[in-house]
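Have a look at the structure below, then the notes.
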Amino acid sequence: MPNTFYITTPIYYVNALPHIGNCYTTVVCDVLARYHRALGEDVFFLTGTDENATKVLEVARELGRDPMDFVDEMAAGFQRTWKSLGITYDRFIRTSEIDHINVVQSIFARLRDQGDIYKGVYEGYYCVPDETFWADAQVVKDEDGIARCPNAECGRPVTRVSEENYFFKLSAYGDRLMAYVEAHPDFMAPAFRKNEVLRFIEEGLRDVCVTRKAGGWGIPAPGDPDYVIYVWFDALINYLSGIGYLSDEANFSKWWPAQVQMMAKDIFVRFHCTFWPAMLMALDLPLPERLFGHGFWTADGEKISKSKGNAIDPYDLATELATQSGCHPDIAVDAIRYLLLREIQFGQDGDFRRQSLVTRFNTELANDLGNLLNRTLSLVGKFFDGVLPTPESDSADLAPVICEAHNSATTALNEMRLHDYPSALWTVIDAGNKYINNEAPWNLHKAGNLERCGTVLYNTLDAVRAVAIAACPMMPTAAQAIWEQLGLEGRVVDQPWESAGRAGLLPPGTTVKAGQPVFPRIDPNRKPAPAPAPAQPVEAKPVVEEELVTIDDFKRIHLKVARILTAEPIPKANKLLKMTIDIGEAEPRSLIAGIAEHYKPEELPGRSIIVIANLQPAVIRGVQSQGMLLAAEADGKVILLGPQGDLPPGASVR
Ligand code: ME8
């Protein structure tokens with residue numbers, strides 16, 4: 001019997017459509033679900049929507065909408081977004097479903113019967129945007145004496161509540177909870193948040209109000225129609241009702257307890273690490289294996305909020321990216337999934353910047369990964385008619401790096417260091433790029449060493465195969481596209497995870513299918529042209545007595561960023577250096593430059609320079625020079641020109 005793996009996201013409020021924040025949680029869970037499927041485990045991935053909240057009702061009313069129509073539409077919106085982001089959930093639960101409502105009412109009745117829920121008087125505050133009860137001593141009064149929500153992320157005015165209500169005896173579970181957390185060190189993560197929980201419990205847990213006076217929205221309390229059940233009591237139960245609690249016991253016992261329950265820090269301490277485990281203890285159910293509270297994203301430094309209008313719609317973002325790159329929108333989605341994982345240390349807060357997405361797309365995806373694949377495939381096309389050569393025996397040069405990266409990626413995913421997972425894969429990609437540059441198969445071919453040339457190309461593509469399998473949980477569409485360009489049969493998603501750690505699994509003799517680059521570089525200039533700016537008064541310019549070139553003259557010159565790979569002196573030519581440069585093409589170019597009096601050859605490899613890429617080749621001292629580099633000169637001093645920031649070879653200079 002395969003291991004089971006049950007993973008949950010929070011169920012999201014339907015007062016607004018998904019943004020990059022809740023996409024993050026869902027993407028992370030999807031990556032983990034896909035990874036565990038690749039391990040051969042039986043996976044159940046639950047997500048859904050939290051629909052019985054007062055704030056949902058308020059938004060529907062503000063919009064003049066029938067609340068049920070509104071939540072139907074919003075839930076469909078969430079499902080659409082998850083589909084467009086490639087989310088492979090097994091069930092999408094909605095808390096308005098009758099099965100869920102029945103389970104919530106049964107649990108409420110049972111806990112009331114056994115004395116864990118009792119009636120008392122609630123005197124305090126309620127914050128609708130946060131859907132949280134706050135005691136008098138907790139709320140903050142502003143200068144005008146208005147009581148506000150003490151949650152720093154919220155801070156909005158709270159409502160005074162003074163009424164008879166039902167309470168859950170949370171205070172009775174503090175000691176048991178503390179003992180459980182101490183006995184199960186992996187129960188809550190990351191560790192620094194676990195400490196927050198321990199402090200919260202140590203301060204003393206108060207009983208939680210679990211009803212509100214009925215207002216026409218929410219699940220009615222069983223046997224007491226004056227009340228509706230508090231939305232958090234109702235929502236947390238989705239993790240049980242979603243797998244058949246009280247309706248399909250076989251299914252329920254197959255999946256419960258969950259292996260991972262994921263959320264952000266906002267709902268970690270109070271709701272998921274105290275209230276939820278205490279509810280489970282009251283129901284005599286085992287606790288989930290791990291609760292993980294990741295960090296919060298901001299967008300360009302600002303809190304993501306509807307009112308600021310900065311709630312990035314992931315689908316719009318993918319569409320914009322696809323337009324600028326020319327890639328398929330699903331590939332753009334993969335790039336967003338990649339960025340979300342790679343950009344921040346998992347567990348910490350992060351800032352979502354479009355610029356970072358563009359940079360990572362062009363450098364890490366288009367250049368490091370995409371270009372490695374393209375150039376190697378085109379060499380196989382050129383030297384071996386597109387048929388994968390058979391490598392020499394005992395020549396799996398990249399096997400150690402493939403194996404080590406696979407171990408690191410596996411450990412990173414098992415230990416929920418999700419940012420370390422893409423980094424591990426990039427050690428193979430970087431090693432593949434270095435390998436092909438150092439081994440220079442084009443020289444091996446020129447020298448007639450076809451066997452070695454074929455071995456190098458085979459090993460490089462075999463490394464890309466391993467990366468495609470390992471990257472599949474994170475970038476499923478791109479991984480499949482790479483798989484197909486390698487000429488491989490079947491679906492990459494069906495490959496066992498362990499095959500990403502072994503070298504030599506690419507079948508020699510396969511006809512590769514080089515095609516369009518999987519990640520065509522993003523060119524921000526592909527954006528629709530902005531409206532012309534209003535005419536500005538022209539200031540008089542100093543006259544420069546130089547021959548002027550037209551913009552069309554200038555456009556004929558293609559300037560590109562290049563990286564110097566090697567540099568060496570030319571015998572009997574004191575001023576010249578011979579270099580090989582990577583200009584983002586399949587093969588490096590050779591270039592001769594008169595800089596030997598200003599630079600030592602050993603200073604140059606690794607430097608980024610700017611070259612004229614479309615200069616007619618010339619033979620200088622018997623060596624072909626395919627381009628010209630740019631350098632500035634003053635007072636006899638010569639300095640090479642290069643980009644000010646990190647840009648990959650091939651980037652165009654405008
Ligand atoms: O709290 N950065 O729903 P919710 C990272 N219905 N993650 C973010 C984020 C951000 N800026 N904003 C939201 C609720 N999230 C309840 C949950 S579960 C039984 C009930 C993600 O719509 C993150 O996972 O407010 C956070 O915990 C969740 O969305 C809150 O979603």
Checklist outcome for this item: Kirkwood-based Rg/Rh on the Cα set of the stretch 353-501 evaluates to 0.98
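Taking 41 Å as R0, compute the FRET efficiency from the Cβ-Cβ separation of Asp523 and Glu498 and round it to 0.05.
On the way: r = 39 Å, r/R0 = 0.95.
The formula returns an efficiency of 0.55 here.
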Checklist entry - Once label points are set 7 Å from the Cα along Cα→Cβ at both Ala447 and Gln348, what is their separation, rounded to one decimal in nm? => result 4.5 nm
Item to check | Under the Karplus curve 6.51 cos²θ - 1.76 cosθ + 1.60, θ = phi - 60°, whole-Hz ³J(HN,Hα) for the stretch 619-625, x wherever Gly or Pro sits | outcome: 9, 10, 6, x, 10, 7, 10
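Set the Förster radius R0 to 30 Å, insert the Cβ-Cβ distance between Val140 and Arg65 as r into 1/(1 + (r/R0)^6), and round the FRET efficiency to 0.05. Numbers along the way, then the final one.
Values: r = 33 Å, r/R0 = 1.09.
The value I calculate is 0.35.
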Checklist entry - Using θ = phi - 60° and the Karplus form 6.51 cos²θ - 1.76 cosθ + 1.60, what ³J(HN,Hα) does each residue of the stretch 506-519 get, whole Hz, x for Gly and Pro? => result 6, x, x, x, 5, 8, 6, 10, 3, x, 4, x, 5, 10
Checklist entry - Along the charge dipole of the chain, which of Ala586, Cys23, Val139 sits closest to the positive end, that is, farthest toward it, with unit charges on the beta carbon of Lys, Arg, Asp and Glu (+1, +1, -1, -1)? => result Ala586
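Out of the DSSP beta bridges found with both residues in the chain, what percent are antiparallel (nearest 5)?
Details: 54 of 77 bridges.
Among the beta bridges of the chain, antiparallel pairing accounts for roughly 70 percent.
Go ahead and estimate [θ] at 222 nm for the chain from helices alone: -39,500 (n - 2.57) per DSSP H run with n ≥ 4, summed, over the residue count, rounded to 500.
Values: 20 runs with 234 residues, N = 654.
Rounded to the nearest 500, it is -11000 deg cm²/dmol.
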Checklist entry - What does the charge dipole of the stretch 557-653 about its Cα centre add up to, to the nearest 20 debye, if the Cβ of each Lys and Arg holds +1 and the Cβ of each Asp and Glu holds -1? => result 240 debye
Checklist entry - Counting only residues 5 or more places away or on other chains, whose amide H sits under 5 Å from the amide H of Tyr122 once H atoms are built in the peptide plane? => result Glu163, Glu164, Asn165
Checklist outcome for this item: Other residues with Cβ under 14 Å from the Cβ of Met68 give, with Lys and Arg +1 and Asp and Glu -1, a net charge of -3
Checklist entry - How long are the three semi-axes of the equivalent ellipsoid for the stretch 81-222, computed from the Cα gyration tensor as the root of 5 times each eigenvalue, in whole Å, largest first? => result 26, 24, 22
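Once you list every other residue whose beta carbon is under 9 Å from the beta carbon of Ile583, what net charge do they have if Lys and Arg are +1 and Asp and Glu are -1? Before the final figure, lay out each step's value.
Working: positive: Lys560, Arg563, Arg589; negative: Asp582, Glu585.
Local net charge: +1.
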Item to check | Partnerless cysteines, meaning none of the other Cys C-beta atoms lie under 4.7 Å away, in the chain | outcome: Cys23, Cys29, Cys209, Cys273, Cys327, Cys403, Cys453, Cys472
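Kirkwood hydrodynamic radius, the stretch 362-431, all distinct C-alpha pairs: what's the number in Å?
Details: mean 1/r = 0.0723 Å⁻¹.
The answer is 13.8 Å.
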Checklist entry - In sequence order, what are the phi-derived ³J(HN,Hα) couplings for the stretch 239-251 according to the Karplus relation 6.51 cos²θ - 1.76 cosθ + 1.60 with θ = phi - 60°, rounded to whole Hz, with x for glycine and proline? => result 5, 9, 5, x, 10, x, 4, 6, 10, 9, 4, 5, 5
Item to check | Net lengthening on full extension, His558/Arg91 (0.36 nm per residue, minus Cα-Cα) | outcome: 162.9 nm
Checklist entry - By how many nm would the segment from Ser356 to Arg206 grow when fully extended, if each residue of separation counts as 0.36 nm and the alpha-carbon distance is taken off? => result 49.6 nm
Item to check | Only Lys, Arg (+1) and Asp, Glu (-1) charged, at Cβ; the chain dipole about Cα centre in debye | outcome: 1460 debye
Item to check | Total formal charge among the other residues, if their Cβ is under 15 angstrom from that of Tyr166, Lys/Arg +1 and Asp/Glu -1 | outcome: -2
Next on the checklist: Defining a contact as two alpha carbons under 8 Å apart and six or more residues distant in sequence, what relative contact order in percent does the chain show?
Outcome noted: 11 percent
Checklist entry - Can you list, largest first and rounded to whole Å, the semi-axes you get for the chain by taking the square root of 5 times each eigenvalue of its Cα gyration tensor? => result 57, 30, 21
Item to check | Residues whose placed amide H lies under 5 Å from that of Thr298, excluding near-sequence neighbours | outcome: Gly350, Asp351, Phe352
Next on the checklist: Amide H of Val43 versus every other amide H placed in the peptide plane: which residues, excluding those fewer than 5 positions away on the same chain, fall under 5 Å?
Outcome noted: Phe5
Item to check | Furthest towards positive pole of dipole, Gln480, Gly490, Leu357, structure part the stretch 353-501, Cβ charges | outcome: Leu357
Checklist entry - Which pairs in the list Lys434/Lys513; Lys265/Lys303; Lys555/Lys578; Lys55/Lys169 are over 19 Å apart, alpha-carbon to alpha-carbon? => result Lys434/Lys513; Lys555/Lys578; Lys55/Lys169
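Quick one: plug the Kirkwood hydrodynamic radius of the stretch 557-653 (C-alpha pairs) into Stokes-Einstein at 10 °C, 1.306 mPa s, and report D in µm²/s.
On the way: Rh = 13.4 Å.
D, rounded to a whole number, is 119 µm²/s.
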Checklist entry - What FRET efficiency, computed as 1/(1 + (r/R0)^6) with R0 = 25 Å and r the Cβ-Cβ distance, is obtained for Arg654 and Ser305, rounded to the nearest 0.05? => result 0.10
Next on the checklist: Placing +1 on the Cβ of each Lys and Arg and -1 on the Cβ of each Asp and Glu in the chain, which of Phe296, Leu577, Ser652 has its Cα farthest towards the positive end of the resulting dipole?
Outcome noted: Leu577
Item to check | Base-10 log of normalised Debye intensity for the stretch 231-378 (one unit scatterer per alpha-carbon) at q = 0.11, 0.12, 0.16, 0.18 Å⁻¹ | outcome: -0.64, -0.73, -0.96, -1.05
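FYI, it's all coordinate maths here, none of it is from the lab. Computed from a predicted model, the values in this text were never measured in an experiment. Neighbour counts run over all protein chains shown; Cβ positions are idealised from the backbone, glycine included.
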